[in-house]
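The values are calculated or read from the model by the stated rules, or taken from the named source; none is laboratory data. In this text, all values refer to a predicted model and were calculated from it rather than measured experimentally. We place every Cβ from the backbone using ideal geometry, glycine too, and count neighbours over all the protein chains shown. Areas reflect the complete protein model, heavy atoms only, side chains present, ligands, DNA and RNA absent. Shrake-Rupley method; radii C 1.70, N 1.55, O 1.52, S 1.80 Å.
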Amino acid sequence: MSKSRRLTSFIVLSMTGGVVFQVAYLRFVFLADTAHALGLTIQRYGEVTSIFGAVAVVMYFCGGWFADRFPPKALIVVALGGTGVVDLWLATVPSAGGVVVAHVLMAVLGMGLYWSSLVKLVSMLGSADEQGKLFGFLEGIRGVTSTIVGFVGAGIVAAAIASTSGVLDVMRIYGVLCLVFAVLVLVVVRTDRSALDGVARQTVTLRELGAAARNKYTWLIGCSIMMMYAFYTLLGYLTPLLQDGYAVPVALLGVIGVVRSYVFQIVGGPVGGVLVDRWTKSSPAFLRWAFVVAGAGALGFVLLPQSPALVWVAIALMTVLCLAVFTSRGVYWAQIGEVEVPLAQRGGVIGLASGIAYLPDAFLPAIGAWWAGDPASDVPQQGGGYTAMFAVLVGAAVVGLVLTTLTMRVRQRDLARRPTPTAPDTVPA
């Protein structure tokens, strides 16, 4: 494959990541408006997105099996085309059962068919020593695409007479874009059969999962990531808090949502990597500091009164939380290599740790919606409201702090147990 063809394929594949998941995660930008556009309360929408998260966790395990047994390019085309159709169908506002079916389909198509196939195709576009650069640029291009389309969507919602109709228009845009990219992948992307055969297998076997379950780092790393992922999952519920508690107008709310969800995605990963390389020299050490910062931001929201006069203090606290969360996302999985998990076990460790790490998607959206309430539907905040939500996040930060400290100490103990190399015996002259 020529260099220009490889570059074109890489850019197109990277851009698909900026559209394929967006409707499923539209709550991160327009939580209340999306729920109401679909004829749901925020609480019911939270339950739907929890179902999506539960199916997605299962699909992370199945995705490798699909990518190893079917042509990954074909799977990506099917996933994009299917997601486009589902997005357009969801924009017609089907019944409550139809909304659930749509989210289940998005999880199967996105996490089951698309993600592992994308990883496999991108892996074949570079040599072994180019993988870090490839996936770094993949995340960057994906973030730029999400940001551009996100700002367009925010403008549409702000300009719409009713914000709910604007959200439905955004869904249609993403649906059409998915269909366009399905065609682009089919026409533009080329696969080198010999290079594809050389890409590592994606399937994780039961034997590998069993070995991973016996590895202490699987639980330390998976659970520490889960604590930070809890922050990421609940970031979407800052939108109604800013709107109802601090009187942020809808137009500004959309911009804040795009910056929070997409712009930090572009900046956070590289910044986190640089800080690890030049400051902490250790991924668990950096994550420990990130938990300190995230916990301080959550504690700030616990103590801050909900008043329009304090809106910029609230936005500053949100920025602190986003910095901690998104810089962490760039170094989550670097811990696997840093603690020297054997290559033969890495697939199983990453698979099982991923299932642990992303578990909050299966239950936190529903709990977050219960905490947030829905003033537009006369549903009050429950269970202590936002105070309880941020108190739980403070607790997650403390647990994460303990887990990352344990990871560092276990690593130091393992290194101390290594036999020190002895100097060869000297022979007298």
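A few notes on this one:
- Of the accessible area of the chain, computed with a 1.4 Å probe over protein heavy atoms only, carbon and sulfur atoms account for 68 percent.
- Each Cα pair under 8 Å and six or more residues apart adds its sequence gap; the mean of these over the residue count of region 1-121 is a relative contact order of 36 percent.
- When shorter helices are ignored and each DSSP H run of at least 4 residues is given -39500 (n - 2.57), the per-residue value for the chain at 222 nm works out to -23000 deg cm²/dmol.
- Mean Cα-pair separation over length for region 212-341, i.e. relative contact order, pairs under 8 Å, 6 or more apart, %: 38 percent
- Test item: Cα-centred dipole of region 174-320, Lys/Arg +1 and Asp/Glu -1 on Cβ, debye: 480 debye
- Remark: the chain carries a charge dipole of roughly 1080 debye about the Cα centre, counting +1 on each Lys and Arg Cβ and -1 on each Asp and Glu Cβ.
- Cβ-based charge dipole, the chain, positive-most Cα from Met408, Pro249, Pro270: Met408
- Overall form of the chain per C-alpha gyration tensor (a/c, 1.5; a/b vs b/c): oblate
- Surface exposure of the chain, expressed per residue as accessible area with a 1.4 Å probe, stands at 42 Å².
- Sequence-separation-based contact order of the chain, relative, with Cα cut under 8 Å and 6+ spacing, percent: 26 percent
- Dipole-positive endmost among Ala298, Val12, Val93 within the chain (Cβ charges, Cα centre): Val12
- Note on the chain: GNM, Cα springs under 10 Å; of Leu242, Leu304, Leu80, the largest mean-square fluctuation is that of Leu304.
- Taking the C-alpha atoms only, the angle from helix 163-188 to the longest principal axis of the chain is near 40 degrees.
- Using alpha-carbon coordinates, inclination of helix 311-329 to the longest axis of the chain, degrees: 30 degrees
- Degrees between helix 264-275 axis and first principal axis of the chain (Cα, 0 to 90, nearest 10): 30 degrees
- Rounded Å value of the spacing that divides the Cα centres of region 255-315 and region 6-45: 22 Å
- When the chain is described by a simple charge dipole with +1 on each Lys and Arg Cβ and -1 on each Asp and Glu Cβ, the residue from Leu220, Ile173, Ala316 located farthest towards its positive end is Leu220.
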